[in-house]
Amino acid sequence: MADRRPAPWGRRFLRLELAVVLAFLYLPIAVVAVLSFNASGLPTAWTGFSLEWYASVIENEALLGAFGNTLIVGVATTIIATVLGTLLALGLERAVKSSFLDTFVYVPMIIPDIVFAIALLSFYNLVFSSLLGLQLGLWSVVLSHVTFDIAFVAVVVRTRLRHFDRSIEEASLDLGANELRTFWNVTLPAIAPGVVAGALIAFTLSFDEFIIAFFTKGTSETFPTQVYSMIRFGVTPEVNAIATVVLGLSITLVLASQRLRASAE
Amino acid sequence: MLTPPQAASHGRRLAATFAAVALLAAACSTGGPSTAPTTGPTTAATTGATATPTEPPKPSGKIVVSNWDLYFPEDMIANFTAETGIEVEWVKHTTNEDIVGKLEAANGTGYDVVFVSAQFAEALNNRGWLETLDHSALQNVGNLAPEADQLGYDPGNTFSVPYTWGTTGLCYRTDLVPAAPTSWNDLLKPVAALDKKITMLATDRWLMLPALKVLGYSANETDQGHLEEARDILLETKTHLLAYDDTTFYSRLVSGEASLVQAWDGWCNYGIADEAVGSKIAYVVPSEGTDLWADTMTVLKASTNKPAAYAFIDYILRPEVGKTVVDLTLYKVPNPAAMDLVDPAVMAQFTNLAMSPAELLKGEPLRDLGAAAPLWSNIVTQITAGG
Amino acid sequence: MRLRRLILLGPALAWWAVFLVVPVALILAYSFFERGTHGGVVPTFTLDNFARALDPLYLRVLVFSVRVALIATIVALLIGYPAAYLIATLPARWRTPVLVLTVLPFWTSLLIRTYAWIVLLNREGLINRGLEGVGLIDQPLELLNNEFAIVLGLVYGYLPLMILPIYASIERLNPELREASADLGGNPIRTFLRVTLPLTLPGVAAGCIFVFVPSLGNFIVPDLLGGGLSSMIGNLIQSQFLRARDWPFGATLSLALIGLMGALLFLQAWLLGRQRREVLDG
């Protein structure tokens, strides 16, 4: 394979570039991590190593609860949006030819968040609260986040469907597999990287979304709504601590699963 | 939110949409809080309260309160619940603008008690969403300073009770400014040494305040010509600004990145609290005068548990509770008995806490701008716009 | 065929009909109404909001926002494409982990990361102190509260949205295609320009849209990293709804923005569609 060949200058450049990009992405994170160990908790001066902010995170039920809520919303949103978005991408690529629909996919992205937030709460208030007597909560945040996440998943998956080699699907059908089986065994594996990329975008956007969640969350808190409410008094060191824990855990998880897969091979 | 269409005969396609909206709105507004299905956190016990029995039942059940994070003393809610049995669900908001926008979209429902700044409380009341307060249900309202009854946005505290109050002024590093500031002009027309070492508050009402005061106009000015004069001053000042900053200005003073900032008194105290350089940070109210800001407690008309909402506000008006609010926020509370309980060492370190209600009342309480809000928005955009 | 169309398109389009079209159309319809004296909406038909939107001030804000968002998009493309390319050509078992590494920083909070940038970039910040420490500069560099900081914040905030779609489209490329081109004597740059780049254009288009659109509407980065000195169209719309509580005018500005971007996206979809038909037809 091409990858096994000794790295030509181009590849070396690419590796350097990726390293710089990762450094750029992680630079502020490193600041957050360092601040989380700063005794004073302030960004102005280093006053000594301390774990006290970690201790106070463990006692901060509001922050931990909000964090758990965000995970729930993020996972639920990602699952629903990835399924609907992938189906939509297949439909747009194969079942219809319409520049209108092709454009419409982008509409959820171009609506300003604040318009979305106000529109959805007004609508939920009429339909769910007043007519059905339901209390808004995490479920209504999921409904809201899925609405814009479908679009991102659909667009990403579609980029992969372009120029998709359909002869392998036809071969599968010729060999007697039905359409569903063909989709499951042939199409889905082929578009999987697009689905993974789409799901990652969906989760990331949901995880960090503030204004729509603030409007549609009822009385629940998500991590962003909790963190944003603290800015009246500046970013507190606990927030730095919890962010560091989350990152440490996620990185460990990614590397561990990588080790597992490597040893399984 | 929507009144029935007055001129429904436009004959345009949109009319159909309007009608649908109006119908839906009417469907929910005629219902009102009493007949609507449970939208708030009512319990079976409290729904009986609307029947006004001869002896008021002891408040119980649960209330939903919206307030900024870190704005209630740590154990306050737990203590209140332990004493009264009333559960409090504290929902956090970020800014006045966010919570008012949310209430607007939800037609004034979803909470029992909401904490917002005075001008926003006035706006909510003008929209018809705030309960007219029954002072007989607030035993401790008498603890408030007499001046707290004379605030222009709500004389007599008919729909709001002030939680904290204070002024907007100049906060500066005594070791970094050439001379101690006394006037808003020290900020608006900074000496060369302060170029790019000053910040102003980013929120429209406070961004405009210094220029309006220098010109001798009201903090609630609505005259276009006067606002444009203020704009011209602020556009000139902008060229010398480090930033418009609502949240980190006091840390900029601490780090020395800024030398002089426009600040709320309580926030200047966060700089003064710094162990290393706090003693070199001072606060002054400029000679041209300033505003009087207040963060207030309001009860929503749509609240389904008003007795408990009253009980909560009444609890906060106790002197010993008010004292813990000062300890936490380093803001003044309009409750002289509570201020008296504050540790003298704290009063000595944060001298602006000692401002008397009479001194505060020299400032101009901020009001809702009413029909002038779009004009203000346009003027402020002219100042802050990029490009 | 009809059944398949229903299964594929039905769920998402039905979802959007309920949670997108109806709620948002109701709010945008406010463009034709008046603001009440104390906020809220009075259902009196008017075109005043559109007249107000023609103020050159708002056009200036729009032009500024488009310029900043365009620069951010170009920068993100220039640094995101090579990164995505390398990730896509890594050994298969490394691809997903490295991909996840690029989005992990975003599982903290935009606000926390933005404040971290303030700590890094301010005049007394880590970067300036570091550069002064090694004697590279005498005067602190102005890295914060200007257009540079806004662009940096936007690139930082949306870079994964550039990398992921490009990755998805490159990963699909058949390596044999590139090798065939190389075997036929094409040098690597020609292979890239003639084979790789055209085939990854859909990913590039998606990535550029993913970065450009939210950059244009962003209001946190101009406030915090831009020091509030250069507000953008996102700040303008946000402040109509929340500060001025002027929903009709906020709806009008939003409608204008949605219309403008919708038109651009329609053009893009139409061009891509035409290209696709050309490829299919021959």
With each pseudo-label sitting 7 Å past Cα toward Cβ, what's the A:Ser98-A:Arg166 distance in nm, one decimal? 1.9
With the crude spin-label approximation of a point 7 Å out along Cα→Cβ, what separation in nm comes out for A:Trp184 versus A:Ser257? 2.3
Roughly how many Å is it from the Cα centre of the range C:1-69 to that of the range B:182-204, as a whole number? 39
How big is Rg to Rh over the range C:1-69, alpha-carbon atoms, Rh as the Kirkwood inverse-mean-distance radius? 1.20
Dimensionless Rg ratio for the protein assembly as shown, taking C-alpha atoms and the 2.2 N^0.38 Å reference: 0.97
Arranged by the count of other C-beta atoms within 10 angstrom, fewest first, what order do B:His93, B:His135, B:His226 take? B:His135, B:His226, B:His93
Jot down the radius of gyration and Dmax of chain C, Cα atoms only, both in angstrom. 23.1, 74
List the lysines whose Cα lies under 18 Å from the Cα of B:Lys301, skipping any in the same chain that are fewer than 8 positions away. B:Lys62, B:Lys102
Along the Cα-to-Cβ line of B:Thr158, 7 Å from the Cα, sits a label point; which residues in the range B:311-336 have backbone N less than 19 Å from it? none
Determine, from the Cβ-Cβ distance of A:Glu52 and C:Thr44 and an R0 of 60 Å, the FRET efficiency 1/(1 + (r/R0)^6), rounded to the nearest 0.05. 0.55
Between the Cα axis of helix B:96-105 and the main Cα principal axis of chain B, the angle (0 to 90°, nearest 10) is 30
For the range B:139-235, rounded, prolate or oblate, judged on the Cα gyration tensor with a ≥ b ≥ c (square roots of eigenvalues), a/c < 1.5 rounded, else prolate if a/b > b/c? oblate
Average beta carbon contacts from partner chains per residue of C:119-131, 10 Å cutoff: 4
If you average the sequence gap of Cα pairs under 8 Å that are 6 or more apart and divide by the length of chain B, what percent do you get for the contact order? 24
Report the calculated FRET efficiency for B:Gln139 and B:Leu328 (r = Cβ-Cβ distance, R0 = 25 Å), to the nearest 0.05. 0.60
By how many nm would the segment from B:Glu320 to B:Glu89 lengthen if fully extended, with 0.36 nm per residue of separation less the alpha-carbon distance? 80.9 nm
In terms of the alpha carbon gyration tensor, root eigenvalues a ≥ b ≥ c, rounded if a/c is under 1.5 and otherwise prolate when a/b exceeds b/c or oblate, chain A is oblate
Mind checking which helices in chain C clear 24 Å along their axis (Cα) and have mean Kyte-Doolittle hydropathy of 1.0 or more, DSSP H runs only? C:56-88, C:147-171, C:197-217
Reduced to Cα centres, the span from the range A:142-194 to the range C:134-172 in Å works out to 33
Once you place label points 7 Å from the Cα toward the Cβ at A:Ile79 and C:Ile137, how far apart are they in nm? 4.9
Cα-Cα P(r), the range B:156-300, percent of pairs per 10 Å interval: 12, 41, 32, 13, 2, 0
The range A:155-236: C-alpha pair distances exceeding 18 Å, %: 62
Normalised contact order of the range B:45-200, rounded percent, pairs of Cα under 8 Å and 6 or more residues apart: 16
Reach of B:Lys362 by Cα under 22 Å, taken over lysines that are not fewer than 8 positions away in the same chain: B:Lys213, B:Lys332
For B:Lys197, the residues 5 or more places away or on another chain with a placed amide H closer than 5 Å to its own amide H are B:Leu242
Going by a ≥ b ≥ c, the root eigenvalues of the Cα gyration tensor, does chain B fall in the rounded group (a/c under 1.5), the prolate group (a/b larger than b/c) or the oblate group? oblate
For chain A, calculate the relative contact order in percent as a whole number, restricting contacts to Cα pairs under 8 Å that are 6 or more residues apart. 30
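Where a number appears in this text, it was derived from the coordinates with a stated rule and is not lab data. The shown structure was predicted, so the numbers you read here are calculated from the model rather than taken from an experiment. Note: ideal-geometry Cβ built from the backbone for every residue, glycine included; neighbour counts use all protein chains shown.
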